[in-house]
1. Along each of the three principal axes of the Cα atoms of the stretch 717-814, give the extent in whole Å, ordering the values from largest to smallest.
2. Could you give the length gained by full extension between His571 and Asp236, i.e. 0.36 nm per residue of separation minus their alpha carbon distance, to one decimal place?
3. Output ³J(HN,Hα) for the stretch 341-350: one whole-Hz value per residue in order, computed from phi by the Karplus curve 6.51 cos²θ - 1.76 cosθ + 1.60 with θ = phi - 60°, and x for Gly and Pro.
4. Express the carbon and sulfur contribution to the solvent-accessible surface of the stretch 198-244 as a percent, rounded to the nearest whole number, probe 1.4 angstrom.
5. What's the center-to-center distance, using Cα atoms, between the stretch 451-476 and the stretch 70-128 in Å?
6. Just subtract the alpha-carbon distance of Met469 and Arg547 from 0.36 nm times their residue separation and send over the number in nm, one decimal.
7. Karplus couplings for the stretch 768-775 from phi (6.51 cos²θ - 1.76 cosθ + 1.60, θ = phi - 60°), rounded to Hz, Gly and Pro as x?
8. Tell me the per residue accessible area of the stretch 629-736 using a 1.4 Å probe; a whole number in Å² is fine.
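The values are calculated or read from the model by the stated rules, or taken from the named source; none is laboratory data. A quick note: this is a predicted structure, and the numbers were derived from the prediction, not measured. Every residue, glycine as well, gets a Cβ built from its backbone with ideal geometry; the counts of neighbours run over all protein chains shown. Quick note on the areas: whole protein, heavy atoms, side chains included, nothing else; ligands and nucleic acids left out. Shrake-Rupley method; radii C 1.70, N 1.55, O 1.52, S 1.80 Å.
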Amino acid sequence: MLRRRPRLGALLRLFTTSCRRSSLQPPQQPHLVPPPPVAKKVPFTVSAHGRSWSDPYHWMRDTSDPDLAALLAAENAYADAFVGSAGSGGLRSRLAAEMRARLPPSVATPPQAWGPWLYHQYVPEGKEYPVLSRKLRPTGLVGTLLDYLSGSEKEQVLLDWNEVAEKNGYVHIGSCRISPDHRFLAYTVDTSGGELFSLQVKDLQSEHVVFSSPDKGIVSLAWARNSESLFYTVCDETLRPNQVFCKKLQSDEPGFLVFTEKDVNCCVDITSTKDFKYVTVNSNTRTSSEEGFFLDLFSVSDCTSQIDPFCTDVKLYFAYIHDLQVFVIESDNVREGLWPIKKRVDKVQYFLEHHSGFFYILTNAPVNDIKTTTEGYYLARCRAGKSLLDRWQIMTFPGSDCTIEDMDIFHDNLVLFLRRNGTPLFCSINMPIDVDVQEPKELDDLNPWFFPIPSNLCSIVSGSNNDFMSSTYRLVVSSPVIPDLTVDYDLRKRTFTILHQEEVTSLSANLGTVGLQPNVSSIQQNLQLVQNSQSWSDLSKLFSCERIEVKSHDGVLIPLVILYSREAHRHGESPGILYGYGAYGEDLDKSWCSERLSLLSRGWVLAFADVRGGGDLSWHLAGTKANKINSIQDFAACGMHLIKEGLVHQNRLCAIGCSAGGLLVGAAINMLPDLFSAAVLKVPFLDICNTMLDPTLPLTVLDYEEFGDPNFPAEFEAICSYSPYDNLSPGVCYPPVLVTASFNDTRVGVWEAAKWVAKVRDITCTSCSQSVILKTNMQSGHFGEGGRFMHCDETAFEYAFLMKALGLGDTTMT
C-alpha cells in the first residue's frame, strides 16, 4: 500500500503530545463543542490474493444496524456543534442569508417552441422545485384573440415537483419525455433517494395517470413515433439497466420484453431518433457515471438556477462508453425486431441519428485504407435499410486540432459539438449533405457556421431542442464570470439572440464587505445590457478568471482555471479552494455560481483542476485503472502551484471533491497531509478497495473499467496503492475535513464516509482528528435533495466549516 515515507519530524510526532498542525493555524475563539463520537469496533478480516487485513468498521455496511443510526445521529450533532460555533456562532446563518438574498424570488426559463406548444419551467416564488408547464403558440392577431376568448391561452401545468416533494418528503425526477403528439407525459420519479425510479405516464388531456409501471429501477424512456407505445429500460438488483420493454398505452397487457443484455459487464440505454422514426438500443460496458450527463434543475452546475424544460434527464451513462453495440428498431413496427448496426468491438463507440433515409453515425471505429491523424469521433452515414447497414460512407473528419463530442440533427441542419484545444465549440451544417460525396471531406468544406461564444472558459449546455423541424438551436452559456445566458442561434440566418441572463440580486449587500460598492452599479449596468443589445455581459472587470497549465510529476501539463476578486485578493495571504474530480471522462463544472460570491468577496481564490481521468478519451484513459495515480499527482501539483505562485497562503489552501472527486482529494491528503489545511469530501468514494471486491454492490462490476478489476492481482495492487481508507498514516496530523454522506445513497454507500471518519479518529493524530467531522443527510441519495434554498444551506455549512478550520471566522482579507 502507498505509504509516504515518514520524515524525521513525522517520526518525532509519534512520541510527543504536542500537535504541529495546530501551531500553524491562528488562535480561535473558545467554544463549547462536545468530544467527537467514538465508533465501536467489531473484529473482521478481509482476504484477497493471499493477503489479509483487519477492518473493524466493516459492521457499518449493515445500514439496518441500530448502532449505525445512533452513530450517525451523534456525528450529526457533533458536526452541527462544530460548525455552529464558527464566527461566534452565526457564520453559517449569515452565509446562508447572503446566498439566499442573491436568488431571485422566482426563476423561469424562456419558453421554447415545439410543435403547437410553448414549453417552459419555472420555480414559483418561495418554492424549492420547478414546475413544468406549457401554453399554445400564438397564431397571429386573430388566433391570439380567439385563444383569449376561448381561454386556451392559459398555461397548463404538466408536472409540479413541489407537489410530489410535499407528498413524499423527497423528490428526484429522472427522465421526463413528452410524446410526439404532445398528448402524454412520461416521467420517472424517485421518492426515497435510492434511485429506484418508478414510471408514470400522464394523459395531458384528461390530466390523469394512465400507466404506472410495476417495475422499479426505470432509467431511459423513448417514445414511438405514433405516440401509442413507450419504450423503457429496467435495472437489475445491482442497478444495471439490462432490459428494454415496450408498453402499448391503449392495451391492458403489460409491457413486453424487447431486449435483454445478459452480460453482467454490459448495460443498455435507449433513445429516440430526433424524428421519432427509430429507437436506438445501445448495449455497452460502461454506465452510471457519477455526475456524468446528469441534467436537472440544480445539477447543471453546483448552484445554477438555469432550468431545462422537459429535459430533466438522469442519463446514467458515461461520457466515454467502451465496447458499444448498437441496435435500431422501427418505433412503430416493434415486432420486426432489432437491427444490429455493428458488433461490439473493444473501445469502439457509435452514436446514431436518422435523417431522410440515412443513419448519421458518430464513431471512432478504425478506418481502413484512409490516413488520418484524428483522435476520437468522425462522422459517417449509411442507408437506413436493414440490408444496407454495413455500407458506411465517411462524411468528415474534424481535423487534427479538433474533436467531435456529440451531435444533434434537424430537418435542415446538423449541429456538431466540438472541442478545440480544450475550448468547447458548436457549429451547424446545412442538411442534407451532398449524397454523391465519395471521399471524406474536411469539416470546413461543409461550410459550417461556428456559433459565437463569449470566451474559451465557458461551460455550454444544450437546451431541450426537441423540435425536429425547428431552425433555432438553444444553448445555455456560462462561465465563472458570466451569469447563465440563454441564447437562441438561428441556423438559417446564422445569427443569434440573447433571450435571458440569470438575475443576480442583492449585489450591494453581497459585495460590500470588501468595499466593492462603487462597482455595484456597473455590474447591474452590465447585466442590463442584455436587454438592450446583443453584447455578451460578464463580470471580468471585478473578477480575474484565467486558464493556465501546471506541470505535473511526469511533465504533462494540467489545465487549471483560477478565479478571484481583483479587489479582495491579497497576494501571498489569501485563502483558497482547489476543486477536483478526475473520473469518467467528466470535466469539472465551471459555470456561473452566485454562491461563490460569498468567498470571492472575502478574498478567497477558487481553482478548478481538470486532472487526468476527466476530459476527452485519451485524457480520460490516462487517469483510469493503474493510471489513477496520475490524477492524484496532478491534483497535488496544482495545489503546490497555487502556493508557490503566491495565489494562496501556504497554510490556507483547502480542497473540495465530490463522489469520485472525494477519492481524489482523500488520496492526495494521504500522500501529502501537509499540503491542504482543510477539505470537504462530499459523498466521497473512500473505501474503494473493499467496495470493488464486492461484486454484489450496485455498480461495482460496471466500475471495473474505470478503476480496475481487483480480481486481477495487478489491478488489485493498483487500487490498494491509493485507496484513501487503506492508506491513512498512523499518528500523522491530518487537516480538518468535513465529510458529507447520504443515508439512501446507492452509488457510494453511507458507510464509506462513516468508516473513513472513524478510522481517522482512531489512528491519526488525536488532537487534529477532532476537526474531522461527518454530516449525513438521512433522507436523500447521492445527488442530495436538490432544492435551490436547501442547496444554499448546504453550501453555507461547507463554507462556514472551511472558515472555522482556517481560523478566519467572518473576516475579509486585509
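1. Here the spans come out as 42, 41, 22 Å, largest first.
2. Residue separation times 0.36 nm, minus the Cα-Cα distance, leaves 115.2 nm.
3. Couplings: 7, 8, 6, 5, 10, 4, 6, 10, 10, 9 Hz.
4. Values: 710 of 1780 Å².
On the stretch 198-244, the fraction of accessible area on carbon and sulfur atoms equals 40 percent.
5. Spelled out, the Cα-based centre of one part sits 27 Å from the other.
6. The Met469-Arg547 span can extend by a further 24.2 nm.
7. 5, 5, 5, 9, 9, 10, 10, 10
8. 23 Å²
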